[in-house]
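J.: Got a structure for you, written out below as structure tokens; questions coming shortly.
The values are calculated or read from the model by the stated rules, or taken from the named source; none is laboratory data. Keep in mind it's a predicted model, so treat the numbers as computed, not measured. Cβ placement follows ideal geometry from the backbone for every residue including glycine, while neighbour counts extend to all protein chains displayed. Side chains are part of the model used for accessible areas, which takes the heavy atoms of the whole protein and leaves out ligands, DNA and RNA. Shrake-Rupley method; radii C 1.70, N 1.55, O 1.52, S 1.80 Å.
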Amino acid sequence: MYGKRIIYAFMSIIVLLGIVAQGSPAQGQSEQAYGDIALDHISHLADEIGERVAGTSGEEQARDYLYQTFKDLGYDVEVQPFIFGSNGQESSNVIATKEGYLDTEKQIIIGAHYDSVRNVEGVDDNASGVGVMLEAAERAAAADSPYTIHFIAFGAEEVGLRGSHYYVSEMTDIEIESTMAMINLDSLAAGDYMYVHGGIADGSIREMALDISDNLGIDLQINPGLNPNYPEGTTGSWSDHAAFENAGIPIGYFESTNWEIGALDGYTQTEEFGSIWHNPARDNMAFIRENLAERMDSHIKNYAQILTELVHELVAPPSAEGIRTAIEELEAEGEIDNAEAIRVLQIHLIAVGQYENQGEVEKVIRHMGGFQVLLDHQKDQGMISEEAYEQLSHESDLLIQEWER
Ligand SMILES: [Zn+2]
């Protein structure tokens, strides 16, 4: 017996080492270290293509590169052209989609603009954001996802956020309501510090990213709110998150800069060199490799890992724990204010959670059926709002779908 226990202990250590060696499930199938995939794309966009001004051949070359890259990763890819500017110039968004396997409209969006201003290679602004997005897309490519994921390369950001505004203007109301998060990546390589910003009304995505970076031991910061125009943890509407935030979608926005210098508005990126973005003498590979190579490698590696984990968490399959959190949020919004109703629902879900942990498929499905009956009763008794009933019924149905798969 004692001998056996030693063998079991030894075997579990082997298995554990195997998992560590393989990396977390979020790391996806890629063996490459975090950041390597992104850095390859950054050097292609900056070195091979260079300047990518909206409506020019440089932007078109990048568009085609993005289209082929997403295609090669197995995503459904759509090019969404739009007209901008007084002369009817054309640009495009490149939209890569992984359809979710559950019967729901729920989706998340990860976006980065691929155009640049004139006379720069746009390493920091914004080959860095595009590169990190492509790495997250590659790491998410192989795994099935319960919810739909869109990776979007926006065109014409530098001439008035045209691509993202156009994309949002084409979204249906259901698409807007069903978008659980929009994550914007803009200028990640050169700034003194790594930041994540949340929306004025909703900071939940920012908080998720901060929890992930804490667990990873990465120094991800927030705007300290030194400038009264930009409250702590938020930012200005100067990048592609703005149209989504205006539509009421929870946003997270990653950028590298320094919010504690200059006008305290995050515009001055570095103490030593001032701003890198939009500066022909700075935002190019030669300058960055000469002066900021280590910083770029470190920021890109860290952002690639944080984003990959964040996507993984945002599309985690439905669970009793997830529905319990939804009830807490509905209570906070005043959609459920009956303490007895909440207590009964939470107790039911605690039991389902135990069956989930034991892998008791039949019991999970049967008890979620019971949960639906409970919701019906509580709605009839006016103990929960129509909104709460609709949302929890949908979540309950998704959890059953997940276990019936
Ligand atoms: Zn930018």
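J.: Could you give the angle, 0 to 90 degrees to the nearest 10, between helix 386-404's Cα long axis and the longest principal axis of the Cα atoms of the chain?
T.: The helix 386-404 is inclined about 90 degrees to the chain.
J.: Once neighbouring chains are kept in place and the probe is 1.4 Å, which whole percent of the accessible area of segment 36-314 is contributed by carbon and sulfur?
T.: Solvent-exposed carbon and sulfur of segment 36-314 make up 43 percent of the total.
J.: Can you give me the Cα centroid spacing of segment 95-110 and segment 169-197 in angstrom?
T.: That distance is 15 Å.
J.: For Ala181, list long-range residues whose amide hydrogen, built 1.01 Å from N in the peptide plane, is under 5 Å from its own amide hydrogen.
T.: Under 5 Å from the amide H of Ala181 lie the amide H atoms of Ile109, each far enough along the sequence or on another chain.
J.: A further question follows. At a 1.4 Å probe, what is the % contribution of carbon and sulfur to the accessible area of segment 329-405?
T.: For segment 329-405, the apolar C and S fraction of the accessible surface comes to 47 percent.
J.: Taking the Cα atoms of segment 148-265, what is the range of coordinates along each of the three principal axes, in descending order and whole Å?
T.: Computed over segment 148-265, the largest-to-smallest principal extents equal 39, 33, 26 Å.
J.: Can I ask one more? Once both axes come from the Cα atoms, what is the angle between helix 2-22 and the longest principal axis of the chain, in degrees from 0 to 90, rounded to 10?
T.: 40 degrees
J.: Right, next: Can you compute 3J(HN,Hα) from phi for each residue in segment 120-125, using the Karplus curve 6.51 cos²θ - 1.76 cosθ + 1.60 with θ = phi - 60°, rounded to whole Hz and x for Gly and Pro?
T.: My calculation for segment 120-125 gives 10, 8, x, 5, 6, 10 Hz in order.
J.: For all pairs of alpha-carbon atoms in the chain, what percent lies in each bin of width 10 Å, listed from the first bin to the last filled one?
T.: Binned Cα distances yield the sequence 5, 21, 29, 23, 14, 7, 1, 0, 0.
J.: At most 13 other Cβ atoms within 10 Å and a DSSP loop assignment: could you name the GluC sites (Glu not before Pro) in segment 292-380 that fit?
T.: Of the GluC sites (Glu not before Pro), the ones in loops of segment 292-380 whose Cβ has at most 13 other Cβ atoms within 10 Å are Glu333.
J.: Could you pull out every one of the aspartates and glutamates with an alpha carbon less than 19 Å from that of Lys71, ignoring same-chain neighbours closer than 8 positions?
T.: Straight-distance partners of Lys71: Asp40, Glu59, Glu60, Glu99, Glu135, Glu138, Asp144.
J.: When ligands, DNA and RNA are left out and all protein chains stay put, how many square angstrom of accessible area per residue does segment 36-314 have with a 1.4 Å probe?
T.: 37 Å²
J.: Can you compute 3J(HN,Hα) from phi for each residue in segment 39-50, using the Karplus curve 6.51 cos²θ - 1.76 cosθ + 1.60 with θ = phi - 60°, rounded to whole Hz and x for Gly and Pro?
T.: Karplus values, whole Hz, x for Gly and Pro: 5, 4, 5, 4, 5, 5, 5, 7, 7, 7, 9, x.
J.: In addition: Can you compute the charge dipole magnitude of the chain about its Cα centre, using +1 on each Lys and Arg Cβ and -1 on each Asp and Glu Cβ, nothing else charged? Give it in debye, rounded to the nearest 20.
T.: Dipole of the chain, to the nearest 20 debye: 1080 debye.
J.: Among all the lysines, which ones have a C-alpha under 29 Å from Lys363's C-alpha, if same-chain residues fewer than 8 places away are not counted?
T.: Lys106, Lys379
J.: I'd like the Karplus ³J(HN,Hα) series for segment 146-154: coefficients 6.51, -1.76, 1.60, θ = phi - 60°, whole numbers in Hz, and an x wherever there's a Gly or Pro.
T.: x, 10, 5, 10, 10, 9, 10, 9, 8
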